[in-house]
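K.L.:
There's a structure below that I have some questions on.
The values are calculated or read from the model by the stated rules, or taken from the named source; none is laboratory data. Worth saying up front: this structure is predicted, and the values here are computed from it rather than measured. No Cβ is skipped: glycine too gets one built from the backbone with ideal geometry, and neighbour counts run over all protein chains shown. When the accessible area is computed, the model is the full protein with side chains, heavy atoms only, and any ligands, DNA or RNA have been set aside. Shrake-Rupley method; radii C 1.70, N 1.55, O 1.52, S 1.80 Å.
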Amino acid sequence: LPPRGLAPRNLWCPHCLREDKEAGRSPYFRLAWEVGPVKACHQHKSKLVDTCPHCGQRHVRHHGGVVVPGWCTRCGGFLGEGESAAAEPHDLWVARQVEDWIANQSNQMAVLDADTVLITLNTLIVGLDGGQYTRFAKRLGLAKSVVHGWLRKGGLPSLDAYLAMAGHAGLSLNHVLRGDLADWEPHGTEVQLGIEFDLLAGGKRETPRQHDWGAIRGELERLLKLPEPISVAEAGRRLGIDD
């Protein structure tokens, strides 16, 4: 898989962390939370969160000099004490597919070669759209040049693209990534699962944070007068802004 779109978004499930603590286990970050497309916890049917329930700061899961999984790197509060909203059906489906894919990694004997990837793509394009790769690209919400690059230039689909293929074909992510389509029977151009797929839209950009730079400058002046000097990174942590 190409790395684009795989980076995690610093999310967690408070219910999982709380259950770890209540069971006497050390809270830990699930591997599925480290995969970019995952926005939900399939076990608890809830959205993953990114804001500390104590200090209200974001990006606090592991952005710090000292990280204790399950505790905020800004204020030290337990991240499992927050709540989260119910997840959308398509986000739950994605979470389940990625969790199963991770669980089956030990059963994958080798990385798929380029020929298998190409055969898989051609099989899906023929089965879903009669061999018309432009229609297939439109189905996935991609430019036709992207799919052409997969077919003619040896490009690799992203994980988001593989998820969309699996959803439209009524297959699991594991089946598509393994190229295991021998028993697959296409059913025309209908989306096979009764949920809406918006896996490649990228979503709306978050509203930029508004900073009171006058107050920040004043606080920096105060920090400069501390008897013990602190690092720029520590100053950023205290002010809640990037270095």
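K.L.:
Tell me, in nm to one decimal, what length is gained between Asp243 and Glu185 on full extension, where the rule is 0.36 nm per residue of separation less the Cα-Cα distance?
P.N.:
15.5 nm
K.L.:
Compute the acute angle (0 to 90°) between the alpha-carbon long axis of helix 159-169 and the principal axis of greatest extent of the alpha-carbon atoms of the chain; round to the nearest 10°.
P.N.:
Once rounded, one gets 40 degrees.
K.L.:
How large is the helix-only mean residue ellipticity at 222 nm for the chain, computed as the sum of -39500 (n - 2.57) over DSSP H runs with n ≥ 4, divided by its residue count, in deg cm²/dmol to the nearest 500?
P.N.:
After summing the helix terms and dividing by the residues of the chain, the value is -11500 deg cm²/dmol.
K.L.:
Whenever you get a sec, compute what percent of the accessible area on the chain sits on carbon and sulfur atoms (1.4 Å probe).
P.N.:
Carbon with sulfur: 51 percent of the solvent-accessible area.
K.L.:
While we're here: Only one of the listed values, (1) 145; (2) 169; (3) 124, was derived from the coordinates as volume of the Cα convex hull per residue in Å³; which label is it?
P.N.:
Among (1) 145; (2) 169; (3) 124, the one calculated here is (2).
K.L.:
Another question, then. Sequence gap at least 6, Cα distance under 8 Å: using those rules, report the relative contact order of the chain to the nearest whole percent.
P.N.:
Rounded, it is 17 percent for the chain.
K.L.:
Using the Kirkwood radius over C-alpha pairs as Rh, can you work out the diffusion coefficient of the stretch 68-138 via Stokes-Einstein at 37 °C, viscosity 0.692 mPa s, in µm² per second?
P.N.:
So the translational diffusion coefficient is about 197 µm²/s.
K.L.:
With θ taken as phi - 60° and the coefficients 6.51, -1.76 and 1.60, list the Karplus ³J(HN,Hα) couplings across the stretch 19-29 in order, rounded to whole Hz; mark glycine and proline as x.
P.N.:
Karplus-based 3J(HN,Hα) across the stretch 19-29 equals 5, 4, 5, 5, 8, x, 8, 6, x, 9, 8 Hz.
K.L.:
Then there is this: Placing unit charges on C-beta atoms (Lys and Arg positive, Asp and Glu negative, everything else neutral), compute the dipole magnitude of the stretch 56-176 about its Cα centre in debye, rounded to 20.
P.N.:
Approximately 500 debye in magnitude.
K.L.:
Then there is this: If you fit an axis through the alpha-carbon atoms of helix 213-224 and take the longest principal axis of the Cα set of the chain, what angle between them do you get, 0 to 90°, nearest 10?
P.N.:
That works out to roughly 60 degrees.
K.L.:
Cα axis of helix 89-103 to longest principal axis of the chain: angle in degrees, 0 to 90, nearest 10?
P.N.:
90
K.L.:
For the stretch 67-86 and the stretch 208-243, what is the separation of their C-alpha centers, rounded to whole Å?
P.N.:
Using only Cα atoms, the two centres lie 23 Å from each other.
K.L.:
Would you kindly state the longest site-free stretch of the chain, with sites defined as GluC sites (Glu not before Pro) in a DSSP loop (not H, G, I, E, B) surrounded by at most 13 other Cβ atoms within 10 Å?
P.N.:
The reported range is 84-189.
K.L.:
For the stretch 1-110, what does the relative contact order come out to in percent, with C-alpha contacts under 8 Å and a separation of six or more?
P.N.:
29
K.L.:
How about Lys144: which lysines have a C-alpha closer than 17 Å to its C-alpha, ignoring those fewer than 8 places off in the same chain?
P.N.:
Within the straight-line cut-off, Lys144 pairs with Lys153.
K.L.:
Follow-up question, since we're still on this one. What accessible area per residue comes out for the chain, rounded to a whole number of Å², with a 1.4 Å probe?
P.N.:
59
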